[in-house]
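Contents: one structure, followed by commentary.
The values are calculated or read from the model by the stated rules, or taken from the named source; none is laboratory data. What you see is a predicted model, and the numbers here were worked out from it, not measured in a lab. Positions of Cβ are generated from backbone atoms using ideal geometry, with glycine treated the same way; all protein chains shown enter the neighbour counts.
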Amino acid sequence: MSTAENSILGLRMPTDPRWTHLASISLQEVLTDHAFCEQKAATQCISLIQRYSDRQELVEALSPIVTEEWGHFRMVLSEMKKRGYVLGRQRKDEYVNALLQHEPKHIPAEEKLLHKLMICALIEARSCERFRLLSEGLEEEALRRFYHKFMVSEAGHYRLFIDLAEKYFPVPQVREAWRFWLNVEEQILLTFTPRGDRMH
């Protein structure tokens with residue numbers, strides 16, 4: 001993704017160019033990890049709905065995303081089945097776990113919602129960037145089209161979480177929290193070695 005496109009998403013650090021090549025030669029592992037990412041995205045939205053069920057706008061905005069993310073999970077499963085791959089065991093998401101370790105502690109419950117929305121937006125933005133790389137860098141045209149669809153969807157989800165945050169919190173506060181998480185992610189990625197068997 002170009003610097004300009006990263007700026008649109010807000011990301012400070014582009015994915016290492018080596019990642020796309022590594023992913024292309026570890027396709028089964030990437031698809032497996034992608035499937036679990038979609039599953040986790042659906043369950044995260046369910047968790048937010050359950051925890052903040054009194055937030056009508058949030059419930060109405062995230063309910064269809066649950067269905068969409070689960071549909072994406074099924075799409076990836078179908079793609080795996082066509083290729084003779086099986087899902088296998090779920091693996092740890094080191095990227096997401098590293099983000100969660102930086103979630104502020106001992107803050108008001110109200111403010112916790114802001115950080116949860118920012119984490120979701122960040123994961124969606126990074127996924128969008130990775131899907132874009134796959135949609136441009138994979139040799140197989142059908143897979144490029146496959147990942148272009150996911151790229152468009154993730155861009156919308158990223159924006160949705162930012163918009164939700166701005167419904168409940170002042171825009172300057174949201175921007176400050178977003179800058180905090182962009183900095184956290186940048187520092188995390190500086191410690192990561194590119195892995196072609198993971199989406200993040």
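Miscellaneous remarks
- 1 or more residues more than 19 Å from Phe192 (Cβ to Cβ) and at pLDDT 95 or above: qualifying helices (runs of 4 or more DSSP H) within region 1-93: 27-51, 56-82
- Any hit, region 66-81, residues being hydrophobic (A, V, I, L, M, F, W, C), surrounded by 12 or more Cβ atoms within 10 Å (Cβ to Cβ) and more than 24 Å from Arg144 (Cα to Cα): yes
- Residue check for Leu138: touching an Asp or Glu at 6+ places or on another chain (Cβ under 9 Å), at pLDDT below 95 and closer than 29 Å to Ser26 by Cβ: no
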